[in-house]
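Any read-out appearing in this document is the output of simple, stated calculations on the displayed coordinates, not a laboratory observation. The structure presented is a predicted model; accordingly, all values stated were derived computationally and were not measured. Positions of Cβ are backbone-derived with ideal geometry, glycine not excepted, and every protein chain shown enters the neighbour counts.
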Ligand SMILES: C[S@@+](CC[C@H](N)C(=O)[O-])C[C@H]1O[C@@H](n2cnc3c(N)ncnc32)[C@H](O)[C@@H]1O
């Protein structure tokens, strides 16, 4: 396979754009988006903007964005293969721009170093032989936005935090809850939100626990986990559980 070295000017920047509200796009992110030669955004359908694109075009009106199709399937059987194939296809699309010395900014929800597609894209570019300059611009995460909206103090003093996922079930959540002094943040738990609520109730951790669904979007829902019901919720749901035995609010 040909080795592409990357030119001096070629840079790929992963830009975190926050969870949904354009007001949470940082000044640093806007500066990078304005300075980049090309801004690219993931989407599941080429004809429609993805969420990250909608956020940045609201924050920076008139910004030109190239869409990259990504497979976001969470199907456990063939979802992984489809995701890897879409990362490779996206990398192949970026390659000529980077080889041409461009600064390419890839926008991603929340923070690019936290459960984001950005590292997979960088890996796929490496597999194509591109090892140029990679940078990231931090973004406000969904759990920070939720804590702020719900008025929840996530950590105080020497308390610690476990950030876990519940995509395939609640095992990681149960493990994290074993320490009562630890705050727990749960991502990717929409399908299992009812089980999460039951587990929190059984562990005596319902009090102060809040969920935020589609934060920053028009149909945002924020409330106590005790009110979620059995439902599945959207994939875009975050749960914040403060440590037990202290007043979680301000
Ligand atoms: C692939 S991860 C992306 C995380 C993101 N990079 C971050 O820093 O927050 C997707 C998960 O992030 C959380 N998430 C992202 N955006 C959200 C939003 N607008 N509302 C609620 N949760 C969100 C959900 O838990 C979702 O399942």
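Any residue in region 95-103 that is within 14 Å of the ligand (Cβ to nearest atom) and either surrounded by 15 or more Cβ atoms within 10 Å (Cβ to Cβ) or assigned to a helix (DSSP H, G or I) (or both)?
The first filter runs over region 95-103 and keeps only residues within 14 Å of the ligand (Cβ to nearest atom), leaving none.
Scanning region 95-103 turns up no residue that is within 14 Å of the ligand (Cβ to nearest atom) and either surrounded by 15 or more Cβ atoms within 10 Å (Cβ to Cβ) or assigned to a helix (DSSP H, G or I) (or both).
Can you name every residue in region 226-242 that is in contact with a helix residue (DSSP H, G or I) (Cβ under 8 Å, 6 or more places away or on another chain) and in a loop (DSSP other than H, G, I, E, B)?
Step one: filter region 226-242 for residues in contact with a helix residue (DSSP H, G or I) (Cβ under 8 Å, 6 or more places away or on another chain), giving 226, 228-241.
Scanning region 226-242 gives 228, 229, 230, 231, 232, 233, 234, 235, 236.
Test of understanding: among 245, 223, 208, which residue is assigned to a strand (DSSP E or B) and closer than 19 Å to residue 147 by Cβ?
On the way: 245 fails: assigned to a strand (DSSP E or B); 208 fails: assigned to a strand (DSSP E or B).
That would be 223, the only listed residue that is assigned to a strand (DSSP E or B) and closer than 19 Å to residue 147 by Cβ.
Given 237, 222, which one is within 13 Å of the ligand (Cβ to nearest atom), under 23 Å from residue 20 (Cβ atoms) and crowded, with 22+ Cβ neighbours inside 10 Å? Step through it out loud before you land on a result.
On the way: 222 fails: crowded, with 22+ Cβ neighbours inside 10 Å.
Going through 237, 222 in turn, just one is within 13 Å of the ligand (Cβ to nearest atom), under 23 Å from residue 20 (Cβ atoms) and crowded, with 22+ Cβ neighbours inside 10 Å: 237.
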